[in-house]
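Here the structure is laid out as structure tokens; the discussion comes afterwards.
The values are calculated or read from the model by the stated rules, or taken from the named source; none is laboratory data. Computed from a predicted structure; not experimentally measured. We place every Cβ from the backbone using ideal geometry, glycine too, and count neighbours over all the protein chains shown.
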Amino acid sequence: MIDNAELPAVKQQLKELIQQRAYKKNSVFKTPSGVVSTFFDFLEVSLKHKGIELAGQVVYNEIKDLDIHAVGGPSHGIVSILCRAAFLKEIGVFYIRDSIKKEGNIHSPKWIESRIKGGDRVVIVGDVVSSGSQIIRAVQQVMQLGGEIRKIVIIIDSQEGDGIEKIQQFLRTNMLEVPVKVLFTRDELTAGISSS
């Protein structure tokens, strides 16, 4: 575990890793907000030892002072990072499934893989947000379960599809006072990167 003095260096290392590994250009990639030619493939970070260590530490820093039971998100692609942050905080992990679970206990939640229950306090973490639809769906599933969302952490705002604004609008519409923290924006990550 690092102390607060080391955090800026850790965040800078994560930024550089995202720039080197996750940023893809001159390609074709389908996102919830449409087809794009440049995108962030966060699996290039979340499936690497250094990425898990760095991103897990940065997410842990966002949740360490919160009184919560679990941290989770809408994508299995960041479960490794959620597990690292949860390990450091000594709490549980959950994630929202892409499709409904057809096997298992018919009385258990079908969309959430977790041991969280109604009344539990949680933080939702997203890897790359474009339209915001996956985070909104995660919020809906936690609400349906009866959980209390204390914070939403977005690792990368792709700045495609107004996702952050849509998430904030959804929270306001449902009278949820939940802070949304963005760690990196597309503009910040692509500044100084050659477009060729």
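Sort through Phe170, Phe184 and tell me the only one that's aromatic (Phe, Trp, Tyr), outside any strand (DSSP E or B) and modelled with pLDDT of 90 or more.
It is Phe170.
Within the range 55-76, can one find any residue that is modelled with pLDDT under 85 and assigned to a helix (DSSP H, G or I)?
yes
Can you pull out every residue in the range 77-96 that is assigned to a helix (DSSP H, G or I) and in contact with a Lys or Arg (Cβ under 8 Å, 6 or more places away or on another chain)? Let's see the steps before the verdict.
Of the residues in the range 77-96, the ones assigned to a helix (DSSP H, G or I) are 77-89.
Correct list: Leu88, Lys89.
When the range 42-70 is examined, which residues are found to be of a type in the set (Lys, Arg) and closer than 16 Å to Val93 by Cβ?
Lys64
Could you please find all residues in the range 128-155 being in a strand (DSSP E or B) and at pLDDT 95 or above?
Glu148, Ile149, Arg150, Lys151, Ile152, Val153, Ile154, Ile155
Any residue at all in the range 78-98 that is modelled with pLDDT under 85 and either among the charged types (D, E, K, R) or within 23 Å of Gly147 (Cβ to Cβ) (or both)?
Checking the range 78-98: at least one residue is modelled with pLDDT under 85 and either among the charged types (D, E, K, R) or within 23 Å of Gly147 (Cβ to Cβ) (or both).
Which pairs turn up if I take residues in the range 136-152 that are in contact (Cβ under 8 Å) with a residue 24 or more places away in the chain and at positive phi and look for partners that are surrounded by 14 or more Cβ atoms within 10 Å (Cβ to Cβ) and of a type in the set (S, T, N, Q) with beta carbon separation below 6 Å, at least 6 apart in sequence or on another chain?
none
Picking from Ile155, Ile193, which residue would you name as being touching a residue at least 60 places away in the same chain (Cβ under 8 Å) and closer than 23 Å to Gln57 by Cα?
Working: Ile193 fails: closer than 23 Å to Gln57 by Cα.
Only one candidate passes the filter, namely Ile155.
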